[in-house]
Structure formats: C-alpha cells, structure tokens
Amino acid sequence: MTHSDSELDGLVRQRIRALRVAQGWSLDELAARAGLSPSSLSRIETGRRRLALDQLVTLARALDTSLDQLVETDTEDVVSSPAIDAPRGLMRWPIKADPGMTVVRQRMTSPPPDQPSRLRAHPGREWLVVLSGTAVLLLGGRRLRVETNQAAEFPTMLPHAIGAEGGPCEILGIFDRDARRGHRGD
C-alpha cells in the first residue's frame, strides 16, 4: 500500500499526537522537550503548520523514537500465516520487524527427558507462554512447572528441556536468532 504525501502527512501527525498522549505528556511538556512553542506543536499536530524535516527529527528524539519509525509507511503485510512443520507439530512465524526473531507454537504430549544428558544448551534467549495445560521446564538443575497463562524467560546457555505434565500442553515461544539456531535439530 503506497501512501500519498497528504496521507503520510496525516499519519505522521497522528503518530506524534498518539506518542505524546501515550507518554502522558501535555502539549507544553512535549513542546519543551522538543524546543518548540506549545502553539507550534499544536499546529503541527492539527495540520495547520507545515511539517519540516528538522522539526520531525527533533520531535522523534523528544518522543524517544527514530525518524524512520515516525514516518514508516510499510503496512503491507500486517497479517502473516505460519510455516507448518506437521511431523514435529510446530507452527513458526518470523517476526518481520526483526528477522532474527521467530515465534513458535507447539503442542507437547511427552514429559521432558529424564536424563540430564538430553538437556540442550546453546547461545541465545527464549521466552515462552503456556497457552493450555501444564509444561515442565528443566533448567539447569531446576524443575519448574509452568501453568496455563504463565510465562518463562531464560538464557539458553543453561541446559534446558521442556515437556508436558499430566496431559498435553500447548506453548507459544519466542526465540532470538541464536536460540532458533540451537533448536533447528529439534
């Protein structure tokens, strides 16, 4: 989807106001942070003042964002479908904003391995949430129960494994690039 100049202009103005409101800042507060008068900021937000590049850079910095994010128009592929790995019962979604990140949904029916030698360690970080059932996370020498709607986050350099307890469980995991690489053989 391509935006006309006037659509982009309106979108940027909406983002400036939305970011200001999300921070809980008044016009006066953001204006002071950006070195603008409150009336100038008001006219920028409402479209009664032309957007200038130097002001956009200053506003982006004051709003703790980048100019690229403030003017981003890539909203083409907002919805994505998973790649399905049926033999392993996995669905994977790449995260477009960070190609190194992957989201994985997995249904587990087996408990984690009972031999410490079957635990894996590799560079990276993992985050997971249990969607249903109870998961068991073996992490180093610890055995952690993770219930429905609970999450766990850990460095994957700790030897780890996950499985189900008391019946099937379903998890949603987010892996950084290194953690994803470490799980390719799963």
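The values are calculated or read from the model by the stated rules, or taken from the named source; none is laboratory data. Quick caveat: nothing in here was measured; it's all calculated off a predicted structure. Methodologically, a virtual Cβ is constructed for each residue, glycine included, from the backbone with ideal geometry; neighbour enumeration extends over all protein chains shown.
Within the range 126-147, the residues that satisfy the criterion of being loosely packed, with under 15 Cβ neighbours inside 10 Å and in contact with a Ser or Thr (Cβ under 8 Å, 6 or more places away or on another chain) are SER132, ARG145, GLU147.
For beta carbons closer than 8 Å, sequence separation of 6+ or different chains, a first residue in the range 98-115 that is exposed (fewer than 10 other Cβ atoms within 10 Å of the Cβ) and a second that is modelled with pLDDT of 90 or more, the qualifying pairs are SER110/GLY163; SER110/ALA164.
Pairing each residue of the range 43-61 that is in contact (Cβ under 8 Å) with a residue 12 or more places away in the chain with any residue that is outside any helix (DSSP H, G or I) and loosely packed, with under 10 Cβ neighbours inside 10 Å, provided the two are 6+ apart or on different chains, yields C-beta distances under 9 Å for ILE44/ARG50. Of all residues in the range 42-56, exactly one satisfies the criterion of being over 17 Å from SER6 (Cβ atoms) and modelled with pLDDT of 90 or more, namely SER42.
If I ask for residues that are crowded, with 16+ Cβ neighbours inside 10 Å and more than 25 Å from the chain's Cα centre (by Cα), which ones from the range 1-39 would you list? Residues satisfying the conditions are LEU27, LEU30, ALA31, ARG33, ALA34, LEU36.
Residue count for the range 156-182, restricted to those that are modelled with pLDDT under 90 and part of a strand (DSSP E or B): 3. SER117 meets the conditions (1) assigned to a strand (DSSP E or B); (2) over 18 Å from ALA179 (Cβ atoms); (3) not aliphatic (A, V, I, L, M) in every case but one. The failed one is (1).
Of all residues being under 14 Å from PRO111 (Cα atoms) and exposed (fewer than 15 other Cβ atoms within 10 Å of the Cβ) in the range 148-177, which is nearest to the chain's Cα centre (by Cα)? Just the residue, please. Here the answer is PRO168.
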